[in-house]
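Single-structure report; data block below.
The values are calculated or read from the model by the stated rules, or taken from the named source; none is laboratory data. Quick caveat: nothing in here was measured; it's all calculated off a predicted structure. All Cβ positions, glycine included, derive from the backbone under ideal geometry; neighbour counts span all protein chains shown. The area values use the complete protein model at the heavy-atom level, side chains included, leaving out ligands, DNA and RNA. Shrake-Rupley method; radii C 1.70, N 1.55, O 1.52, S 1.80 Å.
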Amino acid sequence: MGSSMSTKVEYIEVDGLGGSPDNDSDRVASGSFEEIDDDSPEKTERKLDKYCAKIDRRILLYAVILCVLNQSDRGSIGVAKVVGLEEDLGMANNDFNIAATLFTVGYLSLEMFSNFVLKRVGASRLLPILGILWGLNAGLLLVYCS
């Protein structure tokens, strides 16, 4: 780098991995490239690997649980058929196959759309809205069916 170029970057110091949230070593600081040159590239890479592994350990368990629950949700319509869904709803011939196809197409198309909405609106707003709408739907269904 030339002396006329002073590029500012933001970096996270990862020296205090596992420390308390108010630990000064976990702060985000602003500095120039010259300030972080004192660490060798190997040392910096090891710190980043350690930090990424810590994040992976914290997130991976929740991601696996959500994937298992998602898969069980998708497969529940097949289980419902086995325990008598067709007889309870008075379905005949291909009615179940049509319902399963519509469910899958709707699920896949709305799953992609919900990811776009989630990115635009944010989880802190979208999840409560979905919870309220689901509650209203269940309440109206209770009123309608009774």
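Taking the conditions exactly as written (open to solvent by less than 60 Å² (accessible area, probe 1.4 Å) and modelled with pLDDT under 90), does G122 satisfy them or not? Walk me through how you get there before you give the answer.
Values: open to solvent by less than 60 Å² (accessible area, probe 1.4 Å): yes; modelled with pLDDT under 90: no.
The answer is no for G122.
Which of the following residues is modelled with pLDDT under 50 and assigned to a helix (DSSP H, G or I): E34, E45? Steps first, please.
Numbers: E45 fails: modelled with pLDDT under 50.
Among E34, E45, only E34 is modelled with pLDDT under 50 and assigned to a helix (DSSP H, G or I).
For region 90-105, give me each residue that is among the aliphatic types (A, V, I, L, M) and either touching a helix residue (DSSP H, G or I) at 6+ places or on another chain (Cβ under 6 Å) or surrounded by 12 or more Cβ atoms within 10 Å (Cβ to Cβ) (or both).
Here is the first cut: in region 90-105, the residues among the aliphatic types (A, V, I, L, M) are 91-92, 98-100, 102, 105.
Scanning region 90-105 gives M91, A99, A100.
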